[in-house]
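Since the structure comes first, as structure tokens, the remarks are kept for the end.
The values are calculated or read from the model by the stated rules, or taken from the named source; none is laboratory data. Here the structure is a predicted model, which is why all the values come from computation and not from measurement. A quick note on method: Cβ atoms are made from the backbone with ideal geometry, for glycine too, and the neighbour counts reach across all protein chains shown.
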Amino acid sequence: MAAYRELLDRTGTLAQLITAARSVFEADLDAGHVTVDRVVCAVDCGIPINPDVIAAQMEGGIGFGLGAVLYGAITLKDGRVEQDNFNGYRVLRINEMPKVEVHIVPSAEAPTGVGEPATLLQVPEDHRQVSP
């Protein structure tokens with residue numbers, strides 16, 4: 001927190017967001033199939049102005065990140081990208097979306113944004129658990 005306080009003192013502004021997530025899933029590595037059953041996410045974004053929007057942002061970001069982990073691949077053929085639109089790029093489908101629990105940490109800090117951090121949560125979390 002001291003580093004954040006120093007940044008605040010120098011710039012007069014501070015935007016911080018602390019998030020964490022854990023996934024529960026089944027993996028059949030021989031068949032190359034992974035099913036994510038549940039994701040629990042905690043977010044400290046300062047005073048929560050609209051908890052429903054915060055939860056929706058976290059759920060959407062987790063779904064997008066999970067799609068990148070499970071299906072994300074950009075391939076080249078003859079020097080050109082083969083996935084030129086979403087009809088050629090596999091994304092997570094609604095029936096593959098796990099149950100997501102979002103816990104908003106009570107805080108008295110100034111509110112911050114909750115845009116993209118949930119997407120980044122899934123990639124290292126799921127990759128770490130699935131990689132041999």
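Looking at L92, L70, L14, L7 in this structure, which one is at negative phi, modelled with pLDDT under 85, part of a loop (DSSP other than H, G, I, E, B) and of a type in the set (A, V, I, L, M, F, W, C)?
None of the other options fit; the residue is L14.
Do any residues in the stretch 105-128 that are closer than 20 Å to D52 by Cβ and hydroxyl-bearing (S, T, Y) have Cβ atoms under 8 Å from those of residues that are modelled with pLDDT of 70 or more and in a helix (DSSP H, G or I), where the two are at least six apart or on different chains, and which pairs are they?
Here the result reads T119/G61; T119/I62; T119/F64; T119/G65; T119/A68, each pair linking the stretch 105-128 to a residue that is modelled with pLDDT of 70 or more and in a helix (DSSP H, G or I).
Among the residues of the stretch 105-125, count how many are within 15 Å of the chain's Cα centre (by Cα) and either outside any helix (DSSP H, G or I) or at pLDDT 75 or above (or both).
4
So for the stretch 50-61 (the condition being at pLDDT 85 or above and either assigned to a strand (DSSP E or B) or touching a Leu at 6+ places or on another chain (Cβ under 8 Å) (or both)), does at least one residue qualify?
Yes, some residue in the stretch 50-61 is at pLDDT 85 or above and either assigned to a strand (DSSP E or B) or touching a Leu at 6+ places or on another chain (Cβ under 8 Å) (or both).
With the condition kept exactly as written, say whether any residue in the stretch 60-73 is surrounded by 14 or more Cβ atoms within 10 Å (Cβ to Cβ), out of contact with any helix residue (DSSP H, G or I) (no Cβ under 8 Å at 6 or more places or on another chain) and either in contact (Cβ under 8 Å) with a residue 60 or more places away in the chain or under 22 Å from C45 (Cβ atoms) (or both).
Taking every residue of the stretch 60-73 in turn, at least one turns out to be surrounded by 14 or more Cβ atoms within 10 Å (Cβ to Cβ), out of contact with any helix residue (DSSP H, G or I) (no Cβ under 8 Å at 6 or more places or on another chain) and either in contact (Cβ under 8 Å) with a residue 60 or more places away in the chain or under 22 Å from C45 (Cβ atoms) (or both).
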